[in-house]
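The next block holds one structure in the form of structure tokens; read it before the comments.
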Amino acid sequence: MPILRTEAIICSQLHHGEHGVIARLFTPEHGLMSGYVRGGRSRKMRPILIASNKVMAEFRSRNEDQLGGLTVELLESRGPWLGEPLALAALEWVSALISSCLPQDNAYPQLYSAMEALLSAICGAPSARGWAQALVQFEMLTLSELGFGLDLEKCAVSGEMENLCYVSPKSACAVSHDAAIGYEAKLLPLPQFIMEKNNTPSWDEIFMGLELTGYFLERNFFNDKRNVIYSSRNILVDRLKRVVA
């Protein structure tokens with residue numbers, strides 16, 4: 001019976017049978033994995049299986065094609081932040097994004113590291129100012145890792161490499177300021193902090209970035225029944241806007 005022991009981040013769970021759950025976990029070297037947790041709905045296990053918690057997971061299965069058993073030990077709980085509406089919305093969205101978009105059993109070590117850093121920032125920063133920019137960059141990385149990255153190296157119209165101010169919603173390619181004249185309303189604004197990693201953005205720029213990544217996430221991953229999952233992102237953005245206001 002193969003055994004895999006690894007640290008992991010709880011992403012989602014689904015009730016299975018009377019007492020168990022099927023949990024989806026994001027691991028650093030094996031990507032998104034699923035396992036059956038016996039007694040996962042018990043009072044003891046519920047606080048451990050909270051989405052965004054970091055655990056030590058042990059997967060057991062008889063063969064690679066069979067859903068295996070899963071046991072988990074809590075390494076880091078993010079339960080204390082579930083009473084904070086903004087932090088809760090952020091933790092739920094980041095976990096749901098990974099759970100719903102990543103293919104099973106494909107490794108994304110860079111994305112795992114970025115997710116762990118983002119979750120820590122959400123729980124550790126004194127305000128959303130400390131993680132909102134990182135959220136945009138995490139969504140950009142997710143798009144890139146899954147083959148839907150934005151092409152921001154040069155203008156798709158003129159080939160110009162400077163003054164890139166927009167993104168085409170059709171091609172996901174950058175468009176320069178001059179090439180966009182007369183077509184601005186049909187393009188998505190490109191905030192400069194996405195281009196300049198050391199740039200500290202304003203809140204307006206952060207929301208511009210969230211609009212940009214949100215457009216391509218919704219188009220590529222959430223244009224079907226999963227749009228119910230995407231609604232958790234809308235809740236997060238609305239709460240961010242209320243905090244800033």
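Normalised by the residues of the chain, what does the relative contact order come to in percent, with Cα pairs under 8 Å and at least six apart?
Here the relative contact order equals 15 percent.
Run the accessible area of the stretch 1-142 with a 1.4 Å probe and give the carbon-and-sulfur part as a rounded percent.
Whole-percent figure for carbon plus sulfur exposure: 52.
Could you name the lysines whose alpha carbon sits less than 21 Å from that of Lys44, not counting residues in the same chain fewer than 8 places away?
Straight-line reach from Lys44, under 21 Å: Lys54.
What accessible area per residue, rounded to a whole number of Å², is obtained for the stretch 108-245 using a probe radius of 1.4 Å?
52 Å²
Bins of 5 Å, beginning at zero and ending with the bin holding the largest distance: percent of Cα pairs per bin for the stretch 106-245, please.
Whole-percent P(r) values from 0 Å outward: 2, 9, 17, 21, 22, 15, 9, 4, 1.
When the accessible area of the stretch 143-245 is computed with all protein chains present and a 1.4 Å probe, what percentage of it is carbon and sulfur?
With neighbouring chains kept in place, the figure for the stretch 143-245 is 50 percent.
Taking a cut-off of 21 Å between Cα atoms, list the lysines near Lys186, but don't count ones fewer than 8 places away on the same chain.
Lys154, Lys170
What ³J(HN,Hα) values, in whole Hz, does the Karplus curve 6.51 cos²θ - 1.76 cosθ + 1.60 give for the stretch 146-162 when θ = phi - 60°, with x put for Gly and Pro?
Couplings: 9, x, 10, x, 7, 9, 10, 6, 7, 5, 5, 8, 9, x, 5, 9, 10 Hz.
Say R0 is 35 Å: what FRET efficiency, to the nearest 0.05, do Glu116 and Ala185 get from their beta-carbon distance?
That pair, Glu116 with Ala185, gives E of 0.35.
Can you show me the helix-derived [θ] at 222 nm for the chain, built from DSSP H runs with n ≥ 4 at -39,500 (n - 2.57) apiece and divided by the number of residues, rounded to the nearest 500.
Mean residue ellipticity at 222 nm (helix-derived): -11500 deg cm²/dmol.
Can you give the alpha-carbon Rg of the stretch 1-116 over 2.2 N^0.38 Å, where N counts its residues?
My calculation over the Cα atoms of the stretch 1-116 gives 1.00.
At 0.36 nm per residue, minus the direct Cα-Cα distance, what do Asn220 and Arg46 gain on full extension? Give it in nm, one decimal, please.
The span from Asn220 to Arg46 would gain 59.4 nm if fully extended.
Under 5 Å between amide hydrogens, which residues at least 5 positions from Arg78 or on another chain qualify, with H placed 1.01 Å from N in the peptide plane?
Placed amide hydrogens put Asn53, Lys54 under 5 Å from Arg78.
Karplus couplings for the stretch 36-43 from phi (6.51 cos²θ - 1.76 cosθ + 1.60, θ = phi - 60°), rounded to Hz, Gly and Pro as x?
8, 9, 5, x, x, 9, 6, 4
Grab the alpha carbons of the chain, take their convex hull, and tell me the volume per residue in Å³.
So the per-residue Cα hull volume is 138 Å³.
Please compute the length gained on full extension between Asp151 and Ser127, using 0.36 nm multiplied by the number of residues separating them and subtracting their Cα-Cα distance.
5.5 nm
The values are calculated or read from the model by the stated rules, or taken from the named source; none is laboratory data. What you are looking at is a predicted structure, and each value in this text was computed from that prediction instead of being measured. Note that each Cβ is placed from the backbone with ideal geometry, even for glycine, and that neighbours are counted across all protein chains shown. All accessible areas refer to the heavy atoms of the entire protein, side chains included, with ligands and DNA or RNA removed. Shrake-Rupley method; radii C 1.70, N 1.55, O 1.52, S 1.80 Å.
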